[in-house]
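What follows is a set of notes on a single structure, which appears directly below.
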Amino acid sequence: MLGAQRACIETQMQEGITMLNDHIKHDTEANEIRDFVLRERSKAVSPREWKHRLAGYGYKLKETDAGVCVTSMLGGEELCHLPTAA
């Protein structure tokens, strides 16, 4: 009985670690995308050029209640939000 409980606890712990690692990976990817998008903004001379540059990489900007969101042009998935000063 104790062996089964221990195995169950170990499985739950491993699942928790996996979920945490996935969350960290997602945050890292979101930060990388955000940094890239902001670097592209610094290279562009206008908001229109910025959007065009991002479209070339498969990204699209979307206005939301929470501010500007970077989305994937392929699936429309929200990838990250930009700081309000962007």
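In nm, what is the difference between 0.36 nm times the number of residues separating V45 and A4 and their Cα-Cα distance?
In short, 8.4 nm is gained.
Whole-Hz ³J(HN,Hα) for each residue in region 65-70, computed from phi via Karplus 6.51 cos²θ - 1.76 cosθ + 1.60 with θ = phi - 60°, x for glycine and proline: what do you get?
Going residue by residue, I get 4, 8, x, 7, 10, 8 Hz, with x marking Gly and Pro.
Could you derive backbone 3J(HN,Hα) for region 41-54 from the dihedral phi with the Karplus parameters 6.51, -1.76 and 1.60 (θ = phi - 60°), listing whole Hz in sequence and x where the residue is Gly or Pro?
Computed from phi, the couplings for region 41-54 are 5, 5, 7, 7, 8, 8, x, 5, 5, 4, 4, 5, 4, 5 Hz.
Laboratory data are not the source of any read-out in this text; all were calculated from the coordinates shown. Fair warning: this is a prediction, and the values are worked out from it, not measured in the lab.
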